[in-house]
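The values are calculated or read from the model by the stated rules, or taken from the named source; none is laboratory data. Keep in mind it's a predicted model, so treat the numbers as computed, not measured. Quick reminder, even Gly has a Cβ in these numbers, built from the backbone with ideal geometry, and neighbours come from all protein chains shown.
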Amino acid sequence: MKKLQEVLRDWEAVIGLEVHTELTTLDTKMFCNCRLSHDDPPNTNVCPVCLGMPGALPVPNRKAIQSIVMAGLATNCQIMKHSMFYRKHYFYPDMAKNFQTTQGPVAFCMHGHLDLSVEGEGAAERPEWESTAGDGTPVERAADGSYTVPIRILRIHMEEDAAKMVHSGGTEGRITGASESFIDYNRCGTPLIELVTEPDLRTPEEARLFMEDLQQTFRTLGISDCSLESGSMRCDGNISLRRRGETRLGTKAEMKNINSFKSLHDALEYEICRQAEVLEEGGIIYQETRHWEPSHHRTVVMRVKETEDDYRLFPDPDLAPFDLTDDFINEARARIPELPHAKRDRYVRDFGLKPADARQLAGDPATAALFESAVALVKPGEKDAAKVQATVANVMVNLLPGHEGVSAEQVFSLARLLATDAITFAQAREVLEAVDGTDDDPERVVDERGMRQVSDTSALAPIVEEVLARCQDQVNQYHDGNKKVVGYLVGQCMKASKGKGNPKLFNQMLREALEA
Amino acid sequence: MASLDSLSAAQIAAGVAQGDFTATEVAQAALDAIDSREKDVQAFLQVSADLALEAAKRTDARRAAGEKLGPLAGVPVAFKDNMHLVGTRTTCASKMLANYDSVFTATCVQRLLDAGATPVGKTNMDEFAFGSTTESSAFHRTNNPWDTGRVPGGSSGGSAAAVAAGEATLALGSDTGGSIRQPASFCGVVGMKPTYGAVSRYGVVAFGSSLDQVGPFGRRVEDVALAMNALTAEGADPLDSTSQNCAVDFLEHLDDPVEGLTVGVVPQLMEAKGLSQEVRDALTAAVASLASQGARVVEVELPNIASAIAAYYVIAPCEAFSNLARFDGVRYGYQEPDCQTLAEQTSLSRAHGFGEEAKRRQMLGAYLLSSGVYEKYYYPAQQVRTLITQDYARAYQKCDVILLPSAPTTAWRFGDVSDPTQMYASDMFTISNNICGNGGISVPLGLATQSHMPVSAQLQGPAFSDRRLLRFARAIERGVDQGLGLGGGAPVAPDFAGRGGDL
Amino acid sequence: MALSQDDVAQIADYARIALTPSELEQMTTYMNEAVDLLEPITHYDLDGVEPTFHPIGDLSNVMGEDVVDDSVRALPIDVALHNAGSTHDRYFRVPSILGDSEEDF
Ligand SMILES: [Mg+2]
Ligand SMILES: [Zn+2]
């Protein structure tokens, strides 16, 4: 198979996503008061409503409706005041009523968009000369190739999740070959919002970034934990190819089982290349559902759609229609915190962060909150204030991931130690390990372990002298033009100072001595 | 010595409260009556003697403790078998649910029990309420107490017959297209379909969710009003999104005169094809009776009502298909044994669990909802529904209630009507009210001149004017009691009166 | 246009109602008669007429609170499984979903 870059030269990939997100932060299900928890033993959180018992009736969860309105507002959707729930029928026992309560042609949220900022390597996936967004607006490139492209959102609608099935007797719990299956209705009726994009995405990287943006947005709204791994956020990708210049859409295949950002990117990349190969060999693409197999790095056919499914949709007579009031919408609006995009821009503007770092910090609400608390500890008048601020970001981006129990005070203290060259980056890592999950002040750990770097030139000068005298070979190399050898000499100084000397200072002093 | 046959619900509750007799004695009398009458009427699918005696015992204990008793204290009540009551099976008269134990209690049932009622059992019905004769019950037929060779009507035929035979003082039924009013008419009892949303549907197995409404049967209008109080006093049910608060005291203006109020008559309906002469004559007498009590009589038009049957037989099967899709033999219900695949188990469970009419309606609904057909029938039917609703609204600008037949004929003999589509036409006078959600009530006018079977008038009114409907019903009842019209009132059917039931 | 037996067989397949050949024949007759009864609906000029999906006047925005209330409706496991034809531990059980077919879902 050809490489992605090569394929995208001749072919345009047209990608749309359908993203299902469980509203995991709610307390109860969509249409009943059963507890939302998937960890309990099977069929613990069930009642007549979510078991589809005869005679049971649904009552919509107000907070779920509020959550979807927040999601719509955060993604620039139009909030549709008048809408209804519909019944979508299919016989499969994971849906206790054999229909799913979902929305019809009018969803709570319609016609939104997210502006995607594509930077770095990923930006190169989109060919230089592919210069129009899905909505027809021009896509402008910065000098480094980065670009911003609007991705339109068709709709976000409210629905309910299905039960979990356990397949027994087949291989690896797969349905194929299973001799029987077991059903656990704990998940059945979980509030679920489905977002459908327009087919505006053009590269696997754009799709990946869109999902990441969406995850960051929904997490910031506090409406879901958005875990791809556990399935509280699930993504299906629709993909078709067309020759460059062609306007008609090709036949699309639907991609399922995407449970990580990497899978999303890789599955789309594979599928684009696969479809190109089929088409270039004169074959045809079938409208089918394909399953991503990360272990084999390929997609395989799950189901060929011969005819469009007829779900017999009609307005649910058990649920009153909605005429959302301005008050209801404004209340939802008032609950929306600063969103990742705005936060990202502010971090770049106010703290001089690199866009990629700002994106990482702004994306996760807990991380952003920690960052802002740590930065707030920097006193404006303080010596090296700007440097400490930048170092806080540096610590957060490069050291903190993997350390859950670190406080804002500890981050700030560590950043100040680094910014004032009291410790090295490697030492900072060690200090972080030590204070993670404790109340210890990094300053004290550094002192206790005698880690504080010596930045006093008079104390370091004898060491420099000694090393230069000892390493005559390297000194000669330096004079022969191999300036890189300084690195080795710095290492020798560090060793001689038992790690306490300031490496930057050593570097500076060595160069001065060698050039003298 | 008193007999349950001659006591109203209000009298029973008062008697229990005053200590004239105990709730247990009443329950025992009701169970005796059921015991001696049931083999001829077969109104029940299940007699809940234990629950009845327990409830009565609780009522008596409350009285002994000096607590205030509910307005239905000790009153024997029967429930249509599509209403859940923990401690009973809820079968919907279907093989599908033959062994289904209720896992919760319906709001309407609970509210009657909370008012002190004694639950004597679950009554027969057309399977899943699909029918007009109770013949589609998977278990047995129910006989009309006024002539056991005739149908009791349906689908709430068991509830109507139980009250008519004096086996229960009150009963609940459900009415999707006339299933309370038509059997009430056939069995000569009062039957009310309140405004859609007045009574909670939670715990009542759904047929057509936008049409279904629960309502009471009684032998006196006052008893029906008393039951309405119990059903609605607590306001909207938080478990039913379509229920609304309509709590008023239905007894309060019950006996007010109808003088100065206006009754509408629809000439087009009084001349309808299929309406028998004896029913027409009875209706004429009822109109005259109301007029003699000072009500004004005007003619009103319902131009689109001729399409009500068509609209109904689009909407109802679609909702039925959807509501009955859940019966797949997995979580509950009949499960075909020894199936190798899920699809096989589902389609055989449904094929063998459902009776003919249940399958017909679901098939029709599945067809009408399919793409292309939805646009041709379902959507237009809902638009026609708007036209019919507007017709009624216009008519109610000219009158307070509309008087019309409950059914085109009196109860027919078993086997006289068998073709399903012909049967559908017998709902012609009741269906339109479910289409627009308004309230309606069937009031006995005595026995018809030719068939000598009970004949009734139906009163329909605007949404949430159910109290005024009862006031008119009471006026008709008063007229009948005083010998106006046909005379005769609504007693226990003569063949059954006096067989057990003594206090 | 009348419904053929094939049409009706497809609907039965979708609605998961197994029909024997003679039942299919009867059902086809019934379906066509029933659909004939609905004809009046197709004769209206309904331009601009709003449909009435909910016969409840202006009732709208009915919602409940996001509060766990186990006492109202939650079912203990034995009650939840009580009416099921076949169970396994705490689960409802169904036979093989795909049978011998290769097709995956
Ligand atoms: Mg969906
Ligand atoms: Zn539940």
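Looking at the stretch A:459-473, can you tell me whether even one residue there is in contact with a Leu (Cβ under 8 Å, 6 or more places away or on another chain), modelled with pLDDT under 90 and surrounded by 13 or more Cβ atoms within 10 Å (Cβ to Cβ)? Yes, because at least one residue in the stretch A:459-473 is in contact with a Leu (Cβ under 8 Å, 6 or more places away or on another chain), modelled with pLDDT under 90 and surrounded by 13 or more Cβ atoms within 10 Å (Cβ to Cβ). For A:G55, the conditions (1) touching a residue at least 12 places away in the same chain (Cβ under 8 Å); (2) more than 8 Å from chain C (Cβ to nearest Cβ); (3) within 22 Å of C:H82 (Cα to Cα) are fulfilled apart from (1). Being out of contact with any Leu (no Cβ under 6 Å at 6 or more places or on another chain), more than 16 Å from ligand 1 (Cβ to nearest atom), modelled with pLDDT of 95 or more and within 24 Å of A:G104 (Cβ to Cβ) is a description that applies to A:D200.
Examine the stretch C:69-84 for a residue that is under 21 Å from the mean Cα position of the chain (by Cα) and either at pLDDT 95 or above or not in a loop (DSSP other than H, G, I, E, B) (or both), and state whether such a residue exists. Yes, the stretch C:69-84 contains at least one residue that is under 21 Å from the mean Cα position of the chain (by Cα) and either at pLDDT 95 or above or not in a loop (DSSP other than H, G, I, E, B) (or both).
Looking at the stretch A:130-172 only, could you name the residues that are within 16 Å of ligand 2 (Cβ to nearest atom), part of a strand (DSSP E or B) and within 24 Å of A:T197 (Cβ to Cβ)? Once the filter is applied, which keeps residues that are within 16 Å of ligand 2 (Cβ to nearest atom), part of a strand (DSSP E or B) and within 24 Å of A:T197 (Cβ to Cβ), the stretch A:130-172 yields A:E159, A:E160. Filter the stretch C:52-72 down to residues that are exposed (fewer than 13 other Cβ atoms within 10 Å of the Cβ) and of a type outside the set (S, T, N, Q) and give me whichever is farthest from the other protein chains (Cβ to nearest Cβ). The residue in question is C:D58.
Can you go through B:L364, B:L324 and tell me which one is more than 7 Å from every other protein chain (Cβ to nearest Cβ), aliphatic (A, V, I, L, M), surrounded by 24 or more Cβ atoms within 10 Å (Cβ to Cβ) and within 30 Å of B:I305 (Cα to Cα)?
The match here is B:L324.
Report whether or not A:R126 is touching a Phe, Trp or Tyr at 6+ places or on another chain (Cβ under 6 Å), at pLDDT below 95 and more than 14 Å from chain C (Cβ to nearest Cβ). So A:R126 fails the test. In the stretch A:97-109, the count of residues that are aliphatic (A, V, I, L, M) and either more than 16 Å from ligand 1 (Cβ to nearest atom) or closer than 17 Å to A:M211 by Cα (or both) is zero.
This table checks each residue for (1) in contact (Cβ under 8 Å) with a residue 40 or more places away in the chain; (2) surrounded by 12 or more Cβ atoms within 10 Å (Cβ to Cβ); (3) not assigned by TED's automatic domain parsing to the domain that holds A:L417.
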site	(1), (2), (3)
A:N476	no, no, yes
A:D480	no, no, yes
A:V485	no, yes, yes
A:V490	no, yes, yes
A:M494	no, yes, yes
A:K498	no, no, yes
A:L505	yes, yes, yes
A:R511	no, yes, yes
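Considering the stretch B:327-361 alone, what residues qualify as being touching a His at 6+ places or on another chain (Cβ under 9 Å) and facing chain C (nearest Cβ under 7 Å)? Selection gives B:Y332 alone. Of note, A:E160 does not satisfy the criterion of being surrounded by fewer than 24 Cβ atoms within 10 Å (Cβ to Cβ) and either in the same structural domain as A:V14 (by TED's automatic domain parsing) or modelled with pLDDT of 95 or more (or both).
Scanning the stretch A:89-129 for residues that are basic (K, R) and within 16 Å of ligand 2 (Cβ to nearest atom) returns a single hit, A:K97. In the stretch A:177-207, the qualifying residues are those that are within 13 Å of another protein chain (Cβ to nearest Cβ) and in a strand (DSSP E or B), and the one that is farthest from ligand 2 (Cβ to nearest atom) is A:E180. Look at the stretch A:131-157: where a residue is closer than 24 Å to A:R9 by Cβ and a partner is within 16 Å of ligand 1 (Cβ to nearest atom) and among the polar types (S, T, N, Q), sitting 6+ places away or on another chain with Cβ atoms under 7 Å, you get A:I151/A:T197. If the condition is being surrounded by fewer than 24 Cβ atoms within 10 Å (Cβ to Cβ) and among the charged types (D, E, K, R), then the stretch B:300-321 contributes only B:E301.
Within the stretch A:1-48, the set of residues being within 24 Å of the chain's Cα centre (by Cα), within 14 Å of chain C (Cβ to nearest Cβ) and among the polar types (S, T, N, Q) comprises A:T24, A:T25, A:S37. One residue is enough: does the stretch C:77-95 have a residue meeting the conditions farther than 21 Å from B:T107 by Cα, β-branched (V, I, T) and in contact with a Phe, Trp or Tyr (Cβ under 9 Å, 6 or more places away or on another chain)? Yes, the stretch C:77-95 contains a residue that is farther than 21 Å from B:T107 by Cα, β-branched (V, I, T) and in contact with a Phe, Trp or Tyr (Cβ under 9 Å, 6 or more places away or on another chain). Is it the case that the stretch A:60-74 has a residue that's more than 10 Å from every other protein chain (Cβ to nearest Cβ), out of contact with any helix residue (DSSP H, G or I) (no Cβ under 8 Å at 6 or more places or on another chain) and assigned to a loop (DSSP other than H, G, I, E, B)? No; the residues of the stretch A:60-74 include none that is more than 10 Å from every other protein chain (Cβ to nearest Cβ), out of contact with any helix residue (DSSP H, G or I) (no Cβ under 8 Å at 6 or more places or on another chain) and assigned to a loop (DSSP other than H, G, I, E, B). Filtered by the rule that a residue be within 24 Å of the chain's Cα centre (by Cα) and more than 7 Å from chain B (Cβ to nearest Cβ), the stretch C:85-100 gives C:T87, C:Y91, C:R93, C:L98. In the stretch B:370-383 there is no residue that is in contact with a Gly (Cβ under 9 Å, 6 or more places away or on another chain) and either more than 9 Å from chain C (Cβ to nearest Cβ) or among the β-branched types (V, I, T) (or both).
Residue-by-condition table, conditions (1) within 26 Å of B:L324 (Cα to Cα); (2) more than 7 Å from every other protein chain (Cβ to nearest Cβ); (3) surrounded by fewer than 19 Cβ atoms within 10 Å (Cβ to Cβ); (4) among the small types (G, A, S):
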position	(1), (2), (3), (4)
C:R16	yes, no, no, no
C:Y44	no, no, yes, no
C:D47	no, yes, yes, no
C:E50	no, no, yes, no
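Of the residues making up the stretch A:277-301, those that are surrounded by fewer than 18 Cβ atoms within 10 Å (Cβ to Cβ) and in contact with a His (Cβ under 8 Å, 6 or more places away or on another chain) are A:V300, A:V301.
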